[in-house]
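Right, one structure below, let's go through it.
The values are calculated or read from the model by the stated rules, or taken from the named source; none is laboratory data. Bear in mind the structure is a predicted one, so any value in this text is a computation, not a measurement. A quick note on method: Cβ atoms are made from the backbone with ideal geometry, for glycine too, and the neighbour counts reach across all protein chains shown. Just so you know, the surface numbers come from the protein's heavy atoms only, side chains and all, with ligands and any DNA or RNA stripped out. Shrake-Rupley method; radii C 1.70, N 1.55, O 1.52, S 1.80 Å.
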Amino acid sequence: MKFLRKYIDSIKPQFKKGGKFEKLSATFDAFETFLFVPDKVTRSGAHIRDSLDMKRLMSVVVMAMLPCLLFGMYNVGYLHYNLTGEAKTFWQIFGFGFLKVFPIVVVSYVSGLAIEFIFAQVRGHEVNEGFLVTGMLIPLVVPVNIPLWMVAVATAFAVIIGKEVFGGTGMNVLNPALTARAFLFFAYPGNMTGDRVWVAGIQGSGMPDTATGATVLGNLLQSVADKETYSAIASKLPGDLDAFLGFVPGSIGETSKLAILIGAFILIYTGVGSWKIIVSTVMGGLVMGWLLNAFSANAYMELPAYRHLLYGGFAFGAVFMATDPVTASQTEKGKWIYGFLIGMLAILIRVVNPAYPEGMMLAILLMNVFAPLIDHYVVEANIKRRLRRLKRAPVKLNNQ
Amino acid sequence: MPQVYKIRKGLNINLKGKAEKIFVKAEMAEHYAVKPSDFHLLVPKLEVKEGDSVKAGSVLFHDKSNPAIKFTSPVSGVVSTINRGERRIIREVVIKSAADQVYEQFPKGDPAGMDREAIVANLLSSGLWPAIRQRPYNIVANPVNTPKSIFISAFDTAPLAPDFDFLIKGSEQDFQAGIDVLCRLTPGKVHINISDEYPASSAFSRAGNAQVNYFRGPHPAGNVGVQIHRIDPVNKGDFVWTVGPQEVIMMGRLFQKGIYDASKVVALTGSEVIKARYYKLIGGACIKSITGNNITEGCQRYISGNVLTGSQIEPVGYLGYYDAQVTVIPEGIESEFLGWAMPGLDKYSLSRTFFSWLAPRREYEVNTNMHGGHRAFVATGVYEKVLPMKIYPMQLFKAIMFEDIDLMEKLGIYEIAEEDVALCEFACPSKTELQALVRRGLDLMIKEMS
């Protein structure tokens, strides 16, 4: 790698101040630090530093999402051939899904990173690695039949309106990936909901009209609207094992709870994701589920609480979306409250609203907005504690 | 049984190069120096010029804003050079030591029989006063104040830190004499804090005129700021003073023998030291006298103090006033190809993002590389993992960044010092310079409050 290093060192002066490509210094820096961990040494403060940097941190999160991505690819192929009734080998199934999903990933990364680079250039700061995660999250939370141009538009919207207008990485209020999803959800509902978007090929000609690709939650909502009894609904639900393994229609990355659990394990074990948020979100969901069970006013409310965790994007949101350190609550106590409310709200929205089958996205976005308020009260309690201590303190010594 | 304070948050960084418990009597160094930069915010006013001969305890310079605070020579000899930096700021006053040491004579006696003013005056004129630092702000204490208590941390949990129980061997009586001095300075208690994890020297655990507290847990359990926070937190308007154990010993010697004897024990540590040992020397010594040819070849960083809070010095630099440790580690000037993507079996991290967690007991050879570029401030929650105080570090750092004095005060800036956030700085994945930030905040408070 000496050759590469020498080459980079030789072109470096052109990107420095006064150089020919001075304006592209952020781009150069991004590529240089991607290839080589810089040789910069500590100048003030602690002489040694943790080996962990943002690149490593973000790439660990991306790694944690890989099981979801790989399973999502397989599932896309599986559902497609299930629909057409063709028998295929494992690699054919995976290959079909790969060809459907990979372009979405590429479009998301290219459009998002291009904007990140431009902003870094204009503002004269480093390219932040946060988008590595967002760029992977977006493909995992959209249906497979999404047109690619919509992915590009939504990504651009998320990066510009969701993040850069607030000042860039670390300053945004809303989770950028969910901003992208919410944008699509409200701007192009026809491509984000219904029973024709989740399975690749279902819109094609020659498909049986009776073929349905509705998600579990979509079916549930429909059945409840049709005033079916719970036992009738339950017979139509997929088996718990299928729902857990993920062989059901849904957004690309959200279906397999097993893959999500692997991701959760990676996040928690490496110390990158907050286990408090994940645990409290799940607890909130279960508590809300039980509460609804206790009322059982309609068939939906009779759905066992644990099944809520198996369906839809609840698990994916709890592990990968709610834990986003920038938009989550930043105090340790606040994280418990924040996660718990996300869990409760998600299930509440699912069950009691007549329009949207899924509530996770809206619950997280709503709590993103409330997270600073939660933090405010947690920090305020700390301040009050300090003031009380000051009042209790014995008579002041005579000091200047 | 005295109370044991348990510290749960923090991190022990296991580095290569611990000092073996062997005393080596260092040869008398040729040069000694007193560095104004060891005392934050000090503006020195010289009282000597190059060529003047001085005794151990002779005044070299005083504090311009508080002329009573004197800084004295640790050895007798001749003022050889006064090194100046940018804008003629005085960087160090260097003394070429004489073969025979002669001492200035100061009043001696039992502090129990002296009044407080006389004790303070003796500490001031001998040059031992700067050994007393105050919280808030972590600066040299103002002699006109009365502290509500005095804290001595008698164990150090920093990476490769010297073992104070070993340092104190042979100076037990002087230590007690020093405590007897300090207990006259405060109407409150003198706290001696020791580790609960191993039996401490009886000089600490059975010290008279003081309260002994036990601490258990990882670094920064040994930081005096953390101990104050747990035992007697600093409120607005309070002063708590802190003194290091070796400085307590020097105070004891001052009142028993009437001289400023700055001899102390220093641990030479770090992965680049061939034989890491303890050295008996005189404060301010040129470290060449102990590093000699005891350092491996290559580009090294010399640190007076530990790797988290120490100050970088030249290979022929001088020991800092408060330091009991010299660390030598490699400079990390190599850039590593795709380093962030490698498994990283030999990379130390608080997180488990590198596979080094497979070998938890390994001693690491860590260099000075930043391991990444500076990035935007992201609340990853690592600060909260290593700051064992009831303080919200993220929020406090942000308050300092936008210079909100009122909010800084509310969030507890009086209770922290640079060293307390050193681990936050170490762990920060955005590579933010947090010690400098906290110092900026403290300086801002000083300016605002004066």
Query raised in the report: Yes or no: B:R184 within 14 Å of chain A (Cβ to nearest Cβ) and among the charged types (D, E, K, R)?
Result: no
Report summary line: Going through segment A:275-286 in order, the residues found to be open to solvent by 10 Å² or more (accessible area, probe 1.4 Å) and either over 26 Å from A:L245 (Cβ atoms) or of a type in the set (S, T, Y) (or both) are A:K276
Report task. Mind listing just one residue for me: the one in segment A:34-74 that is touching a residue at least 60 places away in the same chain (Cβ under 8 Å) and within 7 Å of chain B (Cβ to nearest Cβ) and, of those, surrounded by the fewest Cβ atoms within 10 Å (Cβ to Cβ)? Result -> A:S59
Requested in this report: Please find, among B:Y348, B:Y322, B:Y278, B:Y364, the residue that is touching a Ser or Thr at 6+ places or on another chain (Cβ under 7 Å) and either within 30 Å of A:V173 (Cβ to Cβ) or of a type outside the set (G, A, S) (or both).
Outcome: B:Y348
Query raised in the report: Do you know which residues across segment B:216-263 are among the hydroxyl-bearing types (S, T, Y) and touching a Phe, Trp or Tyr at 6+ places or on another chain (Cβ under 6 Å)?
Result: B:T242
Query raised in the report: Going by the structure shown, is A:V351 open to solvent by 40 Å² or more (accessible area, probe 1.4 Å), assigned to a helix (DSSP H, G or I) and farther than 28 Å from B:K9 by Cα?
Result: no
Query raised in the report: Is it the case that segment A:294-310 has a residue that's closer than 18 Å to A:G273 by Cβ and open to solvent by less than 60 Å² (accessible area, probe 1.4 Å)?
Result: yes
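Here is a yes/no grid of residues against (1) part of a helix (DSSP H, G or I); (2) at the interface with chain A (Cβ under 10 Å from one of its Cβ atoms); (3) free of Cβ contacts under 8 Å to residues at least 12 places away in the same chain; (4) more than 15 Å from B:K9 (Cβ to Cβ):
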position: B:K385; (1), (2), (3), (4): yes, yes, no, no
position: B:I391; (1), (2), (3), (4): no, yes, no, no
position: B:Q395; (1), (2), (3), (4): yes, yes, no, yes
position: B:Y414; (1), (2), (3), (4): yes, yes, no, yes
position: B:F426; (1), (2), (3), (4): yes, yes, no, no
position: B:L444; (1), (2), (3), (4): yes, no, no, yes
Query raised in the report: Hey, among B:R375, B:R352, B:R361, which residue is at the interface with chain A (Cβ under 7 Å from one of its Cβ atoms), surrounded by fewer than 21 Cβ atoms within 10 Å (Cβ to Cβ) and in a loop (DSSP other than H, G, I, E, B)?
Result: B:R352
Requested in this report: Look through segment A:90-125, keep the residues that are among the aromatic types (F, W, Y) and open to solvent by 50 Å² or more (accessible area, probe 1.4 Å), and return whichever of them is nearest to B:A376 (Cα to Cα).
Outcome: A:F119
Report task. Specify the residue that is most open to solvent (accessible area, probe 1.4 Å); the eligible residues are those in segment B:123-164 that are touching a helix residue (DSSP H, G or I) at 6+ places or on another chain (Cβ under 7 Å) and charged (D, E, K, R). Result -> B:D156
Query raised in the report: What number of residues in segment A:233-276 are touching a residue at least 24 places away in the same chain (Cβ under 8 Å) and of a type in the set (D, E, K, R)?
Result: 4
Query - Pick from segment A:244-273, criterion surrounded by fewer than 24 Cβ atoms within 10 Å (Cβ to Cβ) and within 14 Å of chain B (Cβ to nearest Cβ), ranking: nearest to B:F354 (Cα to Cα) - result: A:T270
Report task. For segment B:393-438, name all the residues that are open to solvent by less than 10 Å² (accessible area, probe 1.4 Å) and of a type in the set (F, W, Y). Result -> B:F397, B:F426
Requested in this report: Determine which member of the set A:E254, A:E228 is farther than 22 Å from A:V142 by Cβ and part of a loop (DSSP other than H, G, I, E, B).
Outcome: A:E228
Report task. State yes or no: is B:M408 in a loop (DSSP other than H, G, I, E, B) and either more than 9 Å from chain A (Cβ to nearest Cβ) or closer than 25 Å to B:K6 by Cα (or both)? Result -> no
Requested in this report: Considering only segment B:215-245, state which residues are out of contact with any helix residue (DSSP H, G or I) (no Cβ under 9 Å at 6 or more places or on another chain) and either aliphatic (A, V, I, L, M) or under 28 Å from B:A112 (Cα atoms) (or both).
Outcome: B:Q227, B:I231, B:D232, B:F239
**Report entry** Unmet criterion (only one of (1) surrounded by 24 or more Cβ atoms within 10 Å (Cβ to Cβ); (2) touching a helix residue (DSSP H, G or I) at 6+ places or on another chain (Cβ under 8 Å); (3) assigned to a loop (DSSP other than H, G, I, E, B)) for B:V366
**Finding:** (2)
